[in-house]
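See structure below.
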Amino acid sequence: MPSYAVTGASRGIGLEFVRQISLHEENIVFGIVRNRATAHELSRLVVERANVHILEADVTEYRALKAAADEVARVTGGALTCLINNAAHLQDLRRTYTLDEYDRGEEDLLGYDLHDVINTNVLGVIHGINAFLPLLKAATNTNVARVVTISSMTADLDLTLSAEYYRHGAYSISKAAVNMAMAKYAAWFHDENIVFLSICPGIVDTATRTRTPEELEVYAGFVKFMQKAYPEWNGEQISPKESVEMMLGVILRWSRKDSGAFVSRFGNNQWI
Ligand SMILES: NC(=O)c1ccc[n+]([C@@H]2O[C@H](COP(=O)([O-])OP(=O)(O)OC[C@H]3O[C@@H](n4cnc5c(N)ncnc54)[C@H](OP(=O)(O)O)[C@@H]3O)[C@@H](O)[C@H]2O)c1
């Protein structure tokens with residue numbers, strides 16, 4: 001039975017992964033959330049669908065991930081076919097700062113912001129992979145196992161330079177770092193039947209409330225940058241449904257030959 005574990009499944013793209021994967025009754029899906037009490041939509045899905053399970057873990061806490069992996073093993077008999085590292089810290093504060101802007105009396109905040117995103121977006125992913133590796137390896141006895149990390153186009157060097165996108169530094173650095181972590185796993189496990197893939201979901205509307213005027217202004221700025229590389233793009237975001245459908249198409253056809261790659265939802269380097 002194919003089994004999936006998705007981190008950050010309380011809302012947004014993670015919740016949509018659980019929703020789409022669990023549509024197929026033969027799949028068993030574990031939605032991992034920080035706080036079960038506030039994961040209302042996922043809790044409803046657990047009631048509606050027998051193949052959905054909810055587990056609690058903050059991805060920055062290795063022991064909590066290990067306990068989640070133990071629970072998955074108990075339910076599946078010891079294996080996991082696909083781990084989706086989706087949880088991330090999006091760095092809403094100081095997102096518009098350039099890296100040198102911290103050098104005006106806010107040097108401590110630079111360390112704070114970098115630590116915050118790396119702790120969740122890099123260490124959290126590495127902890128997750130390490131906790132679930134025995135289960136992923138067990139799955140390779142009968143099938144290919146997959147490890148997917150939801151990355152970001154802001155980590156792409158070519159796009160950064162062509163769009164001259166100098167903002168959102170700490171977050172972009174963390175996503176570039178996690179792409180490298182994924183490549184390291186792919187290199188180490190290249191003889192095993194495990195495929196590692198970093199994938200960007202596109203620009204996806206996952207807002208849970210109406211944006212403030214300041215947030216709208218920041219987004220309008222982001223659109224202007226991206227239009228330098230994609231002049232035909234009008235700034236429209238795609239839905240979680242469309243993003244996840246496209247990503248699943250790429251994830252499920254990705255082969256060991258290209259393990260360790262970082263691609264868009266189109267399966268290439270077209271980011272928008
Ligand atoms: N949306 C986009 O346009 C876009 C573009 C590029 C890349 N991405 C990437 O796509 C992924 C999903 O994005 P999204 O827009 O769906 O984000 P989102 O709506 O902000 O959801 C983030 C999820 O991550 C969880 N999370 C955050 N820190 C966590 C931690 N320490 N431990 C466990 N869970 C944690 C959140 O849980 P809580 O509910 O507990 O806060 C939430 O479920 C992220 O990796 C993001 O970087 C998104």
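The values are calculated or read from the model by the stated rules, or taken from the named source; none is laboratory data. Every value quoted in this text rests on a predicted model; they were computed, and no experiment measured them. Cβ coordinates were reconstructed from backbone atoms using ideal geometry, including for glycine residues, and neighbour counts include every protein chain displayed. SASA here: full protein model, heavy atoms, side chains in, ligands and nucleic acids out. Shrake-Rupley method; radii C 1.70, N 1.55, O 1.52, S 1.80 Å.
Taking the listed residues 146, 167, the one that is surrounded by 21 or more Cβ atoms within 10 Å (Cβ to Cβ), in contact (Cβ under 8 Å) with a residue 60 or more places away in the chain and of a type in the set (D, E, K, R) is 146, with no other qualifying.
Residues considered: 120, 81, 96. Of these, the only one that is closer than 24 Å to residue 13 by Cα, surrounded by fewer than 18 Cβ atoms within 10 Å (Cβ to Cβ) and either within 12 Å of the ligand (Cβ to nearest atom) or touching a residue at least 24 places away in the same chain (Cβ under 8 Å) (or both) is 96. So in segment 204-248, with the set limited to residues that are in contact with a strand residue (DSSP E or B) (Cβ under 7 Å, 6 or more places away or on another chain) and in contact (Cβ under 8 Å) with a residue 40 or more places away in the chain, which one is nearest to residue 95 (Cα to Cα)? Of everything passing the filter in segment 204-248, 204 is nearest to residue 95 (Cα to Cα). Of the residues making up segment 123-136, those that are out of contact with any strand residue (DSSP E or B) (no Cβ under 7 Å at 6 or more places or on another chain), in contact (Cβ under 8 Å) with a residue 40 or more places away in the chain and more than 14 Å from the ligand (Cβ to nearest atom) are 130, 134, 135. Restricting attention to segment 17-53 and to residues that are part of a strand (DSSP E or B) and of a type in the set (Val, Ile, Thr), the residue that is surrounded by the most Cβ atoms within 10 Å (Cβ to Cβ) turns out to be 32. For segment 178-195, a tally of residues being open to solvent by less than 40 Å² (accessible area, probe 1.4 Å) and within 17 Å of residue 123 (Cβ to Cβ) returns 6.
The condition (being closer than 26 Å to residue 203 by Cβ, touching a Gly at 6+ places or on another chain (Cβ under 9 Å) and small (Gly, Ala, Ser)) is satisfied by just one residue among 176, 163, 87: 87. Here segment 57-78 is the region considered, the condition is being within 16 Å of the ligand (Cβ to nearest atom) and β-branched (Val, Ile, Thr), and the residue that is farthest from the chain's Cα centre (by Cα) is 72.
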